[in-house]
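Presented below is the structure to which this report refers.
The values are calculated or read from the model by the stated rules, or taken from the named source; none is laboratory data. Quick caveat: nothing in here was measured; it's all calculated off a predicted structure. Glycine gets a Cβ as well: all are built from the backbone with ideal geometry, and neighbour counts include every protein chain shown.
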Amino acid sequence: MNAPNSISVETQSRKADHIRICLEEDVQSHQITSGLERYRFIHACLPELDRDEINLSTTFLGKHLNAPLLISSMTGGTEQAGIINQRLAQVAQKYKIAMGVGSQRVAVEKPQVADTFAVRKYAPDALLFANLGAVQLNYKYGLDECLRVVDILEADALILHINPLQECIQTKGDTNFRSLLDKIALVCNKLSIPVIAKEVGNGISAVMAGKLIAAGVAAIDVAGAGGTSWAKVESERAENALQRRLGRTFADWGLPTAECITSIRAIAPDVPLIASGGLRHGLDAAVAIALGADLAGLAMPFLQAAAVSEAAVIDLADVLIAELTTVLFCTGNATLEQLKHSPSLQRIQ
């Protein structure tokens, strides 16, 4: 078994690779889509609304948000990642939207990089999600490590991300997923804040969501297929031909985001639900919400903007909010709840 210090160096290096690859290489899914493009809103030429009165506010896990947007979990653990997280957190605070950080395993292994995740000082009022890989519960992690990452962020909830495909392809991936559900249930039972179960781009089916909810998970982030392919990302950093081949073979594996939303909503009408995976603009976000999601999560667009400047992230947030507002206005819905319960969305494929 590797020494803890060598593990932390590998983990930190992987974080740097992930940012570089996502920004520089084509790691988007091409054969599978999010499924959101299969829907279209019915235009209301006479909305009978004043656009200025449209209200995008919502509540998620008991916290008020000005818009139903989540800056999805991305990064941490390197100097560049720390700058990115700071910019994202400042925008989350400015717009009162939610934010998750990337996996904090590196901060457990190497406490001196914890500061790259510690963004509460930049976002005192934002809804913030800490993040650990669920599989780490089979690799000597437990409640103490969960509490540690929550404390680093002063988080409102803990994401346990579930990524079997990525671990299969990743160099020295952690692939023992046996009996994880019981360990997730223990964390849900013992932790004083909500636990969110999240995939990383391959989706959560209704059957899996039902098991996770029964285990005590408070919310689901479907993180469906159709956006960034982590199989492709890991293929780009593969150390041998087998891993490269695996990543390419499974580049478009998974459940489309739209399918995850509708199937989970059918069996769990009240569970707090985040739609992420291939959302690229506010129209995608509006479709996801009309299908039944409570929050719309975007990662790649925010990563690309945050790699440039805080001003670029502000510009992106402005555009997303304007796009969401335009959908509500042009469908004659004044609030998100009205949008969810209106007949404005139709399937076209």
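Within region 291-301, restricting attention to residues that are in a loop (DSSP other than H, G, I, E, B) and under 14 Å from the mean Cα position of the chain (by Cα), the residue that is surrounded by the most Cβ atoms within 10 Å (Cβ to Cβ) is Ala293. Considering only residues that are closer than 19 Å to Met74 by Cβ and among the small types (Gly, Ala, Ser), look in region 152-199 and name the one that is surrounded by the fewest Cβ atoms within 10 Å (Cβ to Cβ). Among those residues, the one meeting the criterion is Ala155. In the set (1) small (Gly, Ala, Ser); (2) buried (at least 24 other Cβ atoms within 10 Å of the Cβ); (3) in contact with a Leu (Cβ under 6 Å, 6 or more places away or on another chain), Ser103 fails one condition alone, (3).
Beta carbons closer than 8 Å, at least 6 apart along the sequence or on distinct chains, pair a first residue in region 70-88 that is within 12 Å of Ala114 (Cα to Cα) and touching a residue at least 60 places away in the same chain (Cβ under 8 Å) with a second that is surrounded by fewer than 24 Cβ atoms within 10 Å (Cβ to Cβ) and hydroxyl-bearing (Ser, Thr, Tyr) for Gly77/Thr11. The single condition among (1) closer than 25 Å to Pro272 by Cβ; (2) touching a strand residue (DSSP E or B) at 6+ places or on another chain (Cβ under 7 Å); (3) surrounded by 14 or more Cβ atoms within 10 Å (Cβ to Cβ) that Thr75 does not meet is (2). When each of Val108, Val187, Val150 is tested for being farther than 25 Å from Val222 by Cβ, outside any loop (DSSP other than H, G, I, E, B) and in contact (Cβ under 8 Å) with a residue 40 or more places away in the chain, the lone residue that passes is Val108.
Based on this model, can you work out whether Ile193 counts as closer than 19 Å to Ala285 by Cβ, outside any helix (DSSP H, G or I) and either at pLDDT below 95 or touching a helix residue (DSSP H, G or I) at 6+ places or on another chain (Cβ under 9 Å) (or both)? Lay out the reasoning, then the answer.
Working: closer than 19 Å to Ala285 by Cβ: no; outside any helix (DSSP H, G or I): yes; either at pLDDT below 95 or touching a helix residue (DSSP H, G or I) at 6+ places or on another chain (Cβ under 9 Å) (or both): yes.
So Ile193 fails the test.
Taking the condition of being part of a loop (DSSP other than H, G, I, E, B) and surrounded by fewer than 20 Cβ atoms within 10 Å (Cβ to Cβ), how many residues in region 200-210 meet it?
The qualifying residues number 1.
Against the test of being in contact with a Lys or Arg (Cβ under 8 Å, 6 or more places away or on another chain), among the hydroxyl-bearing types (Ser, Thr, Tyr) and more than 25 Å from Thr58 (Cβ to Cβ), the options Thr175, Thr171, Thr116 yield a single qualifying residue, Thr171.
Quick grid of which residues meet (1) surrounded by fewer than 22 Cβ atoms within 10 Å (Cβ to Cβ); (2) modelled with pLDDT of 95 or more; (3) within 17 Å of Ala67 (Cβ to Cβ):
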{"residue": "Ala238", "(1), (2), (3)": "yes, no, no"}
{"residue": "Arg245", "(1), (2), (3)": "yes, yes, no"}
{"residue": "Ile264", "(1), (2), (3)": "no, yes, no"}
{"residue": "Ala268", "(1), (2), (3)": "yes, yes, no"}
{"residue": "Gly278", "(1), (2), (3)": "no, yes, no"}
{"residue": "Asp284", "(1), (2), (3)": "no, yes, yes"}
{"residue": "Ile289", "(1), (2), (3)": "no, yes, yes"}
{"residue": "Ala305", "(1), (2), (3)": "no, yes, yes"}
{"residue": "Leu328", "(1), (2), (3)": "no, yes, yes"}
